[in-house]
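*Asks:* Please see the structure below; I have some questions.
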Amino acid sequence: MTAPVRQLPLPLAARPSLDMADFVPDPSNEAALVWIAEPGTWPGGRLALAGPAGVGKTHLLRAFAAGYRQLEGPALTEALALAPPGPTALDEWSAAPEAALFHLINRCAEAGAPLLLAAREPPARWPAALPDLASRLRATTSVTIAEPSDRLLEALLAKHLADRQLPCPPPVAAFLLARLPRRADAVAAAVAALDASALAARAPLTRPFCARVLGWQETQG
């Protein structure tokens, strides 16, 4: 008997929509939405978004700061930091070289340009080796985005499925939500695993299929 043909999934990353219209308000992000809407009130002109993986820090930063200069912490250089300043958004700021981050904070402060930061850690807790940088981080206002409510988890599941164009019948989505950990990163990881497996097997999402891929006990179809 000929073995079933499996499709080799190409390593193409999903491109999630990062429009503000796709950001779902929730009690977990309410404080962040209030703060980010008023850059003129940020003490020192800086605001940091903090919180666990997958809760929407990057989405909110990029959607709100669409007209800002967008930078990534791991790629931040002193040349970029010392460039003519303007409103700036820096994602993964905690992965930036300390000297470059110090210059960026100073340049934005001197020019009165708002600086929006995002990373898992609040700046005040970051163990910076440069004393002057540590003092500036401690002086940066931080707002935390918490793990999502059940309503937002449902919206996140729907968004991750839509971003990957992965059809999921409502009963299967309910099955997933009832069993997934109540964390945003767990929802994202599960959808990525299901997408890769469904593409490779050319299989639709069913309860038994999802249970098998995610390693759950499931005997009913």
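The values are calculated or read from the model by the stated rules, or taken from the named source; none is laboratory data. From a predicted model like this one, the values you see are computed outputs, not experimental measurements. Methodologically, a virtual Cβ is constructed for each residue, glycine included, from the backbone with ideal geometry; neighbour enumeration extends over all protein chains shown.
*Asks:* Please return the ranges of helices (runs of 4 or more DSSP H) entirely within region 131-221 where 2 or more residues are not assigned by TED's automatic domain parsing to the domain that holds residue 50. Before you say what the answer is, go through the steps one by one.
*Replies:* Numbers: elements: 131-138, 150-163, 170-179, 184-201, 207-214.
The helices (runs of 4 or more DSSP H) meeting that bar are 150-163, 170-179, 184-201, 207-214.
*Asks:* Hey, does region 113-129 have a residue that's in a loop (DSSP other than H, G, I, E, B) and either aromatic (Phe, Trp, Tyr) or in contact with a His (Cβ under 6 Å, 6 or more places away or on another chain) (or both)? Write out each step before concluding.
*Replies:* Let us first name the residues in region 113-129 that are in a loop (DSSP other than H, G, I, E, B), namely 113-114, 119-122, 126-129.
From what's left, either aromatic (Phe, Trp, Tyr) or in contact with a His (Cβ under 6 Å, 6 or more places away or on another chain) (or both): 126.
The answer is yes; a qualifying residue exists.
*Asks:* Which residues, counting only those in region 95-111, are under 22 Å from the mean Cα position of the chain (by Cα) and surrounded by fewer than 20 Cβ atoms within 10 Å (Cβ to Cβ)?
*Replies:* Within region 95-111, 95, 97 meet the criteria.
*Asks:* For a quick check of your reading of the model, give me the residue pairs whose first member lies in region 49-62 and is closer than 12 Å to residue 152 by Cβ, whose second is assigned to a helix (DSSP H, G or I), with beta-carbon atoms closer than 6 Å and at least 6 apart or on different chains.
*Replies:* Pairs found: 54/184; 54/185; 54/188; 55/184.
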